[in-house]
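Everything on this sheet refers to the single structure shown next.
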Amino acid sequence: MSSMETNKRGPMTIAVSEILLINMEKPGVAFPFIKALVNVNDHFHELYPDSEFPFHIALMTKNQAQKQRLRNHLNKLGLSQVSIHQDDYSSKPEPKVLYLSEDPGKAEEAIKTGHAAAIMFPNDMGNQWNEDRELCVAFDGDGVLFSDECEIVYVEEGMEAFKQNEKDKEDIAIEKGPLKCFLEALSDLQNKLPSESWSKVQTYLVTSRNPLISGTRALKTLTTWQVDISQAFFVSRAPKASLLATIRPHIFFDDKRTHIDKARELGVISAHVPYGKGYATEGACKK
Ligand SMILES: [Mg+2]
């Protein structure tokens, strides 16, 4: 992709609620992810001092009166580039926002408004504390990067109809899902970095699609969108959680409660995307 095309899409805002970043005066569950984004911004700035950061990171608070206290905390955590805002991003028509909240209602509202959004769990303690490593993000496919159009066929008409649908539409890109814009931003960034820095950003597709039957359409869709993914795993009926525990992403996005619950049990920091057929039937995960 050319740098002109890369620049066109502009920076993305990552809005994270206070308790996910600073929980009871300590680093919250989203801290490793946010710190890795800050490191990526810093690295980008070293390479291109005149360019804007690729990610604007905003802490969302309900208590603006505590702004100075929060500012001190952020500075202590090495997050001085994070800005502080009133917690109302979900309803604003910002062009490109990933909104992370512990409140299912707010994340649902953000998705309905057309943003990328997910629910995180403040009491989770991932297995990767104190690790200062490269940014690593794992995405589910259907209902996350892609819309739930194929999931609807599966749920309403069964597996055989799903397989036939994927075969018939193999060369037609799947409609975009709520997290497409975030993968796009990460892919744009990878394309802007010199090759020796590519490992600074690692993206994974971890989907239950089958590599032989329905995986091809997923990969063709990403090619049509002109977005890159570092690695794609088509696990079919195998569990996602054990693979994710090996990848140890800073954050894993999925729309299905079962996948999220199992990943969390293995200490994978997970974010539940409140979108589509899967979420509508299963509802939000327990805190
Ligand atoms: Mg899914």
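The values are calculated or read from the model by the stated rules, or taken from the named source; none is laboratory data. This is a predicted model, so every value here is computed, not measured. Heads up, the Cβs are rebuilt from the backbone with ideal geometry, glycines too, and the neighbour counts pull from every protein chain shown. For the accessible areas, the whole protein counts, side chains as well, though only heavy atoms, and no ligand, DNA or RNA atoms are used. Shrake-Rupley method; radii C 1.70, N 1.55, O 1.52, S 1.80 Å.
Along segment 205-212, what does the Karplus equation 6.51 cos²θ - 1.76 cosθ + 1.60 (θ = phi - 60°) give for ³J(HN,Hα), rounded to whole Hz, x for Gly and Pro?
Here the 3J(HN,Hα) series is 9, 10, 10, 7, 4, 8, x, 8 Hz.
Based on DSSP H runs of at least 4 residues, each adding -39500 (n - 2.57), what is the mean residue ellipticity at 222 nm of the chain after dividing by all its residues, to the nearest 500 deg cm²/dmol?
-11500 deg cm²/dmol
Farthest toward the dipole's positive end in segment 209-262, which of Ile213, Val227, Ser242, given Cβ charges of +1 (Lys, Arg) and -1 (Asp, Glu) about the Cα centre?
Farthest towards the positive end: Ile213.
Can you give the convex hull volume per residue for the Cα atoms of the chain, as a whole number of Å³?
126
Average the reciprocal distances over every distinct pair of alpha-carbons in segment 135-282, invert the result, and give the Kirkwood radius in Å.
Working: mean 1/r = 0.0645 Å⁻¹.
Hydrodynamic radius (Kirkwood, Cα pairs) of segment 135-282 is 15.5 Å.
Could you list, in their original order, any pairs among Lys163/Lys200; Lys167/Lys192; Lys35/Lys176; Lys26/Lys96 whose Cα atoms are separated by more than 32 Å?
Lys163/Lys200; Lys167/Lys192
Compute the distance from the alpha-carbon center of segment 35-54 to that of segment 230-287, in whole Å.
Each part reduced to its Cα centre gives a spacing of 29 Å.
Against the 2.2 N^0.38 Å scaling, with N counting residues, where does segment 192-234 land? I'd like the Cα-based Rg ratio to two decimal places. Don't skip to the end; give the middle numbers.
Working: Rg = 12.1 Å, N = 43, 2.2 N^0.38 = 9.2 Å.
Ratio of Rg to 2.2 N^0.38 Å for segment 192-234: 1.32.
How big is the dipole moment of the chain about its Cα centre under a simple scheme where the beta carbon of each Lys and Arg is +1, that of each Asp and Glu is -1, and everything else is neutral? Debye, nearest 20, please.
Taking the Cα centre of the chain as origin, the dipole is about 580 debye.
Full extension from His85 to Glu149: what is 0.36 nm times the residue separation minus their Cα-Cα distance, to one decimal in nm?
Using 0.36 nm per residue and subtracting the Cα-Cα distance, I get 19.5 nm.
Just to be sure I understand: of the beta bridges DSSP finds with both ends in the chain, what percent are antiparallel, rounded to 5?
The antiparallel proportion sits near 10 percent.
Mind giving me the FRET efficiency for Arg69 and Met125? R0 is 25 Å, r the Cβ-Cβ distance, nearest 0.05 is fine.
With R0 = 25 Å, the Cβ-Cβ based efficiency is 0.60.
Round to the nearest 10 and report in Å² the accessible area of Arg69, as given by a 1.4 Å probe over the protein chains' heavy atoms.
Spelled out: Arg69, probe radius 1.4 Å, area about 80 Å².
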